[in-house]
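I have placed the structure first, in the form of structure tokens, so that the comments after it can refer back to it.
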Number of protein chains: 2
Amino acid sequence: MKGPEEGNPFMDVDFSATFKRNESSIDVPGFYDGSGIYKIRFMPSELGVWSYETNSNCSELKALTGKFECIAPSASNHGPVKVSDTYHFAYADGTPYIPFGTTCYVWTHQEDELEELTLQTLKSAPFNKMRMCVFPKRYLYNNNDPALYPFDGSKEEVWDFTRFNPDFFRHLEKRVDDLRNLGIEADIILFHPYDNARWGFDKMGMDVNVRYLRYLTARLSAYRNVWWSMANEYDLMENLSLEDWDTILKTVAGNDPYDHLRSIHNCRQFYDHNHPLITHASVQHHDPRYIFEWKTQYNKPIVVDECSYEGNIGLMWGNITEQEMTRRFWDGFLSGGYVGHGETYLHPDEILWWSKGGELHGKSPDRIAFLKDIIESIPGEYRERISFPPQWEYFPCLGKEGEYYLVYLGIYRPAVKQLDLMEGKKYKIELIDTWEMTITPLEGTYDHNSIVELPGKQYIALRIQNV
Amino acid sequence: MKGPEEGNPFMDVDFSATFKRNESSIDVPGFYDGSGIYKIRFMPSELGVWSYETNSNCSELKALTGKFECIAPSASNHGPVKVSDTYHFAYADGTPYIPFGTTCYVWTHQEDELEELTLQTLKSAPFNKMRMCVFPKRYLYNNNDPALYPFDGSKEEVWDFTRFNPDFFRHLEKRVDDLRNLGIEADIILFHPYDNARWGFDKMGMDVNVRYLRYLTARLSAYRNVWWSMANEYDLMENLSLEDWDTILKTVAGNDPYDHLRSIHNCRQFYDHNHPLITHASVQHHDPRYIFEWKTQYNKPIVVDECSYEGNIGLMWGNITEQEMTRRFWDGFLSGGYVGHGETYLHPDEILWWSKGGELHGKSPDRIAFLKDIIESIPGEYRERISFPPQWEYFPCLGKEGEYYLVYLGIYRPAVKQLDLMEGKKYKIELIDTWEMTITPLEGTYDHNSIVELPGKQYIALRIQNV
């Protein structure tokens with residue numbers, strides 16, 4: 001809609017609309033997109049004809065009405081992702097969604113060529129979720145300034161926090177859209193502490209924070225692949241109290257008509273993921289085997305979004321091996337949760353995937369793709385963590401007793417193993433070398449207490465099925 | 001002394017002596033050694049002339065007196081090991097003792113040839129402590145019966161628990177003596193649960209248990225290299241309550257005039273190592289980095305006597321790699337405690353070092369020897385765990401800030417690292433490849449915040465010293 005351009009429309013003009021169809025009525029916030037243009041984006045969840053009527057404190061934008069028909073979605077559109085069966089996720093149409101995430105914190109703040117290269121890389125990578133920041137980042141290996149900023153302001157970084165920069169948000173939206181076209185969920189990080197006194201976006205004050213959240217959610221909520229991550233390492237943001245985080249959660253939830261997923265990521269201290277507005281636990285932890293415990297504690301899906309990164313930089317979370325990263329994925333997925341990837345190899349031009357995107361150099365993504373195929377092949381009812389029989393109880397295992405076991409031996413390397421499965425059944429066994437990416441059926445069938453010969457090397461999994 | 005042979009001297013005759021020198025007066029229990037022979041073994045702690053007088057409920061053995069001169073010990077005799085400086089150990093003469101233990105649970109229950117082979121192996125191994133059981137063991141890979149039993153009884157295992165078998169104990173003593181001659185402490189395990197209903201030594205009842213403890217301690221306490229481990233995996237011994245363990249501790253402490261070291265080893269649940277009769281925590285745990293916490297909790301030396309074994313058997317604690325075993329040693333020692341070794345490789349004749357001794361087949365012992373040299377070279381005042389500067393805080397490190405750091409990077413493999421040491425000093429750095437067993441001095445000197453290039457591989461330690 002066209003509306004007033006004079007004054008400060010970001011501050012002065014309220015604009016929203018109510019969308020209706022049959023019994024459904026949804027209030028949707030709008031936003032000022034500059035040049036006298038006001039927009040409202042709506043993501044209907046029902047087919048058929050919808051009507052709308054705008055609301056505003058400005059007469060030009062008030063009581064505008066209209067109708068449109070919501071047609072069937074394209075074949076690749078399953079809607080936004082929601083929590084499903086307590087610990088899992090599914091798209092709105094019921095199709096299971098299994099997150100295999102990666103992290104490129106500020107990939108949208110780079111030169112166009114590099115951003116396109118990131119998308120090119122993602123095309124053939126196994127990842128279907130991207131953790132990414134709204135704000136730019138100042139940190140080791142992150143010394144470049146972005147072309148666009150979210151607020152009006154000078155190059156000397158004197159920001160007018162009362163005026164947003166629509167170009168910045170349009171660029172962000174384009175990149176969220178690019179991810180959507182690749183089937184990738186955008187896990188959007190709303191605040192982060194890595195500003196290093198460069199821009200001050202980590203210390204704007206709660207008035208500005210809330211205004212920013214309302215503007216961002218008004219612009220982005222209608223993108224079906226959006227998730228809201230309140231923060232990266234919330235506990236490192238000294239200027240924000242637990243009360244502030246509560247306000248932030250309420251602002252996001254209150255301003256997003258579609259109830260997109262909401263999480264908050266920690267450094268040392270977990271947020272209380274029992275908070276009713278937190279939809280799933282987004283965790284930083286080096287040992288994803290604890291997922292089994294956290295599930296009980298939170299009764300929500302557990303996503304270890306950060307378990308250290310494959311790489312060789314000096315920072316303590318940035319130099320695990322390709323084997324260890326692969327191991328942490330197997331540990332986490334077979335503990336009944338989800339794990340995210342990141343990569344931090346030294347690079348002559350400081351282009352590290354973890355932050356800027358670009359190309360992948362590590363060896364874990366191929367193994368993660370291999371795991372993904374295996375996980376996606378598990379019938380849904382077997383995707384729960386079970387205790388593997390007594391002497392293996394510390395090994396992560398998905399399945400159902402007597403029917404299906406996918407168990408991971410990790411760093412342990414037995415050359416022989418006596419089974420202790422449910423009696424009175426016959427089993428077939430496949431030996432999975434998670435590093436070499438091979439699946440080898442063992443000959444014959446096995447009893448519940450058969451002795452199985454194993455290769456005596458690390459990173460082996462077994463898929464055992466009742467025949 | 002000669003005494004009565006008739007009746008049951010084990011039950012009927014009390015026999016002890018009081019040893020005196022100047023102000024010192026020590027009551028020492030004696031024991032019946034069969035064939036009418038009664039013995040008292042005494043380990044004096046002062047040079048010079050001692051007198052004694054026996055006590056007994058039998059007139060022949062009562063009020064016998066004598067004198068002898070305690071002469072200076074041989075050069076290799078530093079006396080028994082005691083706790084020193086809260087978290088450490090030293091021999092009675094003050095010489096530091098740093099335990100590098102191993103485990104051959106029932107090596108003294110094998111054929112003579114195998115027992116001698118074990119001793120031969122130990123001669124060139126780095127180990128100076130041996131965990132070993134008094135009772136034989138029935139378990140996977142432990143199906144042979146010993147030649148000797150601690151009680152009188154038939155081959156059908158109907159034991160006369162009122163009569164000990166002196167031959168059994170003489171054999172045990174010979175082996176403790178053999179270890180002493182190799183400079184190895186005998187960490188003697190008094191009870192264990194691996195009987196599997198074969199002999200019933202795990203379920204004798206507390207009357208027999210106490211009598212056995214009094215007999216064993218009377219025989220063995222005068223051996224300077226004896227430590228008392230109340231149990232292996234005390235929490236798996238269903239027939240013994242916490243009250244029983246308290247009685248066991250009191251019986252051992254009350255019957256050992258020399259106050260040898262006392263511990264109790266767990267399976268899943270730690271014993272309360274704050275118990276005043278426990279001298280040090282003997283721990284089973286897979287991650288020795290927790291030593292740092294346990295030291296604060298118990299204020300005693302922490303010995304992770306079992307951290308899993310290098311090997312390839314199917315039991316979950318018996319198949320870590322040689323690299324992982326080496327890593328756990330470095331983790332534990334640089335966390336300010338001690339770690340024990342064990343080895344469980346499949347063997348055609350079921351001779352696994354962990355239980356029967358024999359030969360070592362693994363690759364960790366050489367690396368443990370390499371670590372031992374490094375640890376023994378650390379000046380005593382630097383043998384405490386310190387926090388390595390902020391970003392490395394999870395890396396185990398011994399030393400003193402600004403003076404000496406021995407830090408272990410474990411599975412992490414940075415290719416570059418910015419130091420963050422005490423300012424205003426110059427440092428020299430040695431790069432230790434704990435797997436290849438090389439120590440490479442880096443050229444030049446470094447400032448507190450220098451950037452150091454590292455090989456980008458796992459299992460590296462740095463020795464950093466103020467110059």
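Which residue pairs have Cβ atoms under 6 Å apart, sit 6 or more places apart or on different chains, and have a first residue in the range A:310-332 that is more than 9 Å from chain B (Cβ to nearest Cβ) and a second that is open to solvent by 10 Å² or more (accessible area, probe 1.4 Å) and not hydroxyl-bearing (S, T, Y)? Every condition considered, the pairs that remain are A:E310/A:E322; A:E310/A:G362; A:E322/A:G362; A:E322/A:K363; A:T326/A:R367; A:D331/A:R289.
Considering the range A:351-464, the qualifying strands (runs of 3 or more DSSP E), each wholly inside and each with 3 or more residues that are of a type in the set (S, T, Y) and under 25 Å from B:M316 (Cβ atoms), run over A:404-408.
Would you tally the residues in the range B:1-17 being part of a strand (DSSP E or B) and loosely packed, with under 14 Cβ neighbours inside 10 Å?
1
How about the range A:241-251: which of its residues are open to solvent by 20 Å² or more (accessible area, probe 1.4 Å) and either touching a Gly at 6+ places or on another chain (Cβ under 6 Å) or of a type in the set (A, V, I, L, M, F, W, C) (or both)? If the condition is that a residue be open to solvent by 20 Å² or more (accessible area, probe 1.4 Å) and either touching a Gly at 6+ places or on another chain (Cβ under 6 Å) or of a type in the set (A, V, I, L, M, F, W, C) (or both), then A:L242 is the only one that fits. Looking across the range B:230-257, the residues that are more than 21 Å from the chain's Cα centre (by Cα) and of a type outside the set (G, A, S) come down to B:E238, B:N239, B:L240, B:L242, B:E243, B:D244, B:T247.
Restricting attention to the range A:397-418, the residues being within 14 Å of chain B (Cβ to nearest Cβ) and farther than 22 Å from A:R289 by Cα number 3. Criterion applied to B:T108, B:T103, B:T121 was being surrounded by 13 or more Cβ atoms within 10 Å (Cβ to Cβ), under 23 Å from B:R214 (Cβ atoms), touching a residue at least 24 places away in the same chain (Cβ under 8 Å) and of a type in the set (S, T, Y), and the one residue passing it is B:T108.
Note on the range A:190-240: residues that are open to solvent by 20 Å² or more (accessible area, probe 1.4 Å), outside any loop (DSSP other than H, G, I, E, B) and closer than 15 Å to A:R138 by Cβ amount to 1. Within the range A:361-372, is there a residue that is open to solvent by less than 30 Å² (accessible area, probe 1.4 Å) and on the phi > 0 side of the Ramachandran plot? No, that holds for no residue. Regarding the range B:141-154, can at least one residue be identified that is more than 27 Å from B:F42 (Cα to Cα) and in contact with a strand residue (DSSP E or B) (Cβ under 7 Å, 6 or more places away or on another chain)? So far as the range B:141-154 goes, yes, one or more of its residues are more than 27 Å from B:F42 (Cα to Cα) and in contact with a strand residue (DSSP E or B) (Cβ under 7 Å, 6 or more places away or on another chain). When the range B:252-272 is filtered for residues that are crowded, with 21+ Cβ neighbours inside 10 Å and in a loop (DSSP other than H, G, I, E, B), the ones remaining, listed by number, are B:D256, B:H260, B:L261, B:I264, B:H265, B:N266, B:Y271.
Restricting attention to the range A:28-53 and to residues that are open to solvent by less than 20 Å² (accessible area, probe 1.4 Å) and assigned to a loop (DSSP other than H, G, I, E, B), the residue that is nearest to A:L216 (Cα to Cα) turns out to be A:D33. Note on the range B:441-464: among residues that are acidic (D, E) and away from chain A (no Cβ under 12 Å), the one that is least open to solvent (accessible area, probe 1.4 Å) is B:D447. When B:T438 is tested against (1) at pLDDT 90 or above; (2) under 32 Å from the mean Cα position of the chain (by Cα); (3) surrounded by fewer than 22 Cβ atoms within 10 Å (Cβ to Cβ); (4) within 14 Å of chain A (Cβ to nearest Cβ), just one condition goes unmet, and that condition is (4). When the residues of the range B:290-299 are filtered to those that are open to solvent by 30 Å² or more (accessible area, probe 1.4 Å) and at pLDDT 95 or above, the one that is farthest from the other protein chains (Cβ to nearest Cβ) is B:N299. With respect to the conditions (1) in the same structural domain as A:S229 (by TED's automatic domain parsing); (2) of a type outside the set (K, R); (3) in contact (Cβ under 8 Å) with a residue 12 or more places away in the chain; (4) open to solvent by less than 20 Å² (accessible area, probe 1.4 Å), A:A90 falls short on a single one, namely (3).
Filtering the range A:375-396 for residues that are farther than 30 Å from B:R413 by Cα, over 33 Å from the mean Cα position of the chain (by Cα) and more than 14 Å from every other protein chain (Cβ to nearest Cβ) leaves an empty set. Of all the listed residues (A:G254, A:G340), the sole one being free of Cβ contacts under 8 Å to residues at least 24 places away in the same chain and either touching a strand residue (DSSP E or B) at 6+ places or on another chain (Cβ under 8 Å) or farther than 29 Å from A:Y382 by Cβ (or both) is A:G254. All of B:H286, B:H347 fail the test of being within 14 Å of chain A (Cβ to nearest Cβ), over 30 Å from B:Q269 (Cβ atoms), open to solvent by 30 Å² or more (accessible area, probe 1.4 Å) and of a type outside the set (G, A, S), apart from B:H347.
The values are calculated or read from the model by the stated rules, or taken from the named source; none is laboratory data. On a predicted model such as this, the values are computed, not experimentally measured, just so you know. We place every Cβ from the backbone using ideal geometry, glycine too, and count neighbours over all the protein chains shown. To get the accessible areas, we keep the full protein, side chains included, count just its heavy atoms, and leave off ligands, DNA and RNA. Shrake-Rupley method; radii C 1.70, N 1.55, O 1.52, S 1.80 Å.
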